[in-house]
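Enquirer: Take a look at the following structure, please.
What follows draws every value from the coordinates through simple rules; no lab data is involved. Only a predicted model underlies this, so the values are computations on that prediction, with no experimental measurement involved. Counting neighbours? That spans all protein chains shown, and the Cβs are built from the backbone with ideal geometry, glycine included.
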């Protein structure tokens, strides 16, 4: 164990090192950085984190995080309310928003089914998705979960749960990434991209 | 620019991304991690950083950071008070402490002379080192600065400043790192290690 010249420093390093991906050496560097900066810097830093944790809200409709009861996307009259994109978490929602290709609404599950991590369907926002489907305004649900075993399991579970409703269920295309060379694409992805080929011209918009 | 679904989130990401070595993607991951953890976690986290920044003290003798007016090393009666090791910063002091090879006191300069970064001798704790030397209790000052141009400049500056006092000035050995293969050592280091060779048996303690 490293010895710290100050208990205050040791506490701060312990807290910083508790963040995912931050080791003790990095934590020490960050703590010393804060000491070099003016006191205001650390106060603003701490205040922003506390405000986030204390005052953040979750959208009542899609479970996106937001500052109001309903998020900016769900309350945006310009978006297509008949289309819902199901995502694992907020990061994935932001990634899709940043493509600028989707103008419908979202539904944030809060995870995917993963028995190894002890996450079952009951831990996710699936029943609220069923409720949204039951309301009858939705034409299509797009599943945009990770292309992993857990993602596939969750996709299938949701597909079955939505079966009673008059809702089309689709899944995002899986295939060779733009910019990838065929030579280096893995076989499963390449196989899938051949199976799900589309008439030439359709994707080039 | 990424769009964030919440202003609170955006603020927190901005603050986290202002840390050295933390990008916006990592900052977002850290902010979402805090949202997943209980509220106590963020409160303890923020409190530790604030306490560090507000309550930290600098040792009146050696400028090490500490929780009292004089640090644990300077007030430790078991240490050799005739020997001072000059280091750039607290991290270097901790690294030397962790070797367990040094039982004297330290002197933390708070940087090294670097005209490019606008750091001159007046910005460093050099005059307080002269004062310590002037008190007459010190036999030897060991210079343990980085083996860079800036480190060498600072070493020479301190060496000249300490000349009027009856104090031996030494510098830590530079040579091939333990575990390094001679074949891959750079020529300057290798040359230095030949020049400063020691009688066989002395270093094998």
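Enquirer: Any idea what angle helix A:149-162 forms with the longest principal axis of chain A, computed on alpha-carbon atoms, 0 to 90 degrees, nearest 10?
Expert: On a 0 to 90 degree scale, this one is about 50.
Enquirer: Quick one: in chain B, whose Cβ comes closest to the B/A rotation axis, and how close in angstrom?
Expert: Its Cβ sits closest to the axis: B:46, 2.
Enquirer: Expressed as cubic angstrom per residue, what is the convex hull volume of the alpha carbon set of the range B:112-205?
Expert: That works out to 136 Å³ per residue.
Enquirer: Scaled to the compact-protein estimate 2.2 N^0.38 Å, what is the alpha-carbon radius of gyration of the range B:7-55, rounded to two decimal places?
Expert: It is 1.17.
Enquirer: What value, in deg cm²/dmol to 500, does the helix sum -39500 (n - 2.57) over DSSP H runs of n ≥ 4 give at 222 nm once divided by the residues of chain B?
Expert: Calculated at 222 nm, the ellipticity per residue is -12500 deg cm²/dmol.
Enquirer: If I build a Gaussian network model for chain B, linking alpha-carbon pairs within less than 10 angstrom, which residue out of B:23, B:118, B:110 has the largest mean-square fluctuation?
Expert: B:23
Enquirer: Here is a follow-up. Tally the DSSP beta bridges in the protein assembly as shown and give the antiparallel ones as a percent, rounded to 5.
Expert: Bridges in the protein assembly as shown are about 20 percent antiparallel.
Enquirer: Take the Cα coordinates of the range B:42-164, assign each an equal point scatterer, and use the Debye formula without solvent to give log10 I(q)/I(0) at q = 0.14 Å⁻¹.
Expert: -0.64
Enquirer: If you don't mind, there's one more thing I want to ask. Under the definition of Cα pairs under 8 Å and six or more residues apart, what whole-number percent is the relative contact order of chain A?
Expert: Numbers: 223 pairs, mean separation 25.0, N = 205.
Worked out over chain A, it gives 12 percent.
Enquirer: I'd like the orientation of helix B:90-99 relative to chain B: the angle between its Cα long axis and the longest Cα principal axis, in ° from 0 to 90, rounded to 10.
Expert: 60
Enquirer: Give the nm distances, rounded to one decimal, from residue A:127 to the matching residue in every other copy, measuring between label points 7 Å along Cα toward the beta carbon; shortest first.
Expert: Values, ascending and in nm: 7.3.
Enquirer: OK, next. Compute the convex hull volume of the Cα atoms of chain A, divide it by the residue count, and report the result per residue in Å³ as a whole number.
Expert: Enclosed volume per residue, from the Cα hull, is 217 Å³.
Enquirer: Between the range B:24-77 and the range A:3-57, what is the C-alpha centre distance in whole Å?
Expert: Between the Cα centre of the range B:24-77 and that of the range A:3-57, the gap is 6 Å.
Enquirer: Along Cα→Cβ at 7 Å, what distances in nm separate the residue A:69 label point from those on the other copies, shortest first?
Expert: Those separations, rounded to one decimal, come out as 5.9 nm.
Enquirer: Related question: Using the eigenvalues of the Cα gyration tensor, what equivalent ellipsoid semi-axes result for the range A:111-154 when each is taken as the square root of five times the eigenvalue, whole Å, largest first? Intermediate results must be reported in sequence, preceding the final value.
Expert: Working: eigenvalues 101, 35, 5 Å².
The equivalent ellipsoid of the range A:111-154 has semi-axes of 22, 13, 5 Å.
Enquirer: Please state, to two decimals, what the Cα-based radius of gyration of the protein assembly as shown comes to when divided by 2.2 N^0.38 Å (N = residues). Please report the intermediate quantities before stating the final value.
Expert: Numbers: Rg = 29.8 Å, N = 410, 2.2 N^0.38 = 21.6 Å.
Compared with the compact-globule rule of thumb, the protein assembly as shown sits at 1.38.
Enquirer: Between copies, how far apart are the residue A:179 label points? List them in nm, one decimal, shortest first, with each point 7 Å from Cα toward Cβ, please?
Expert: Output for residue A:179: 3.6 nm, nearest copy listed first.
Enquirer: Roughly speaking, what % of Cα-Cα pairs in the range A:147-201 are separated by over 19 Å, rounded to a whole number?
Expert: Cα-Cα pairs in the range A:147-201 separated by more than 19 Å: 44 percent.
Enquirer: Sticking with this one: Which percentage, to the nearest 5, of the DSSP beta bridges contained in the range A:14-169 is antiparallel?
Expert: 20
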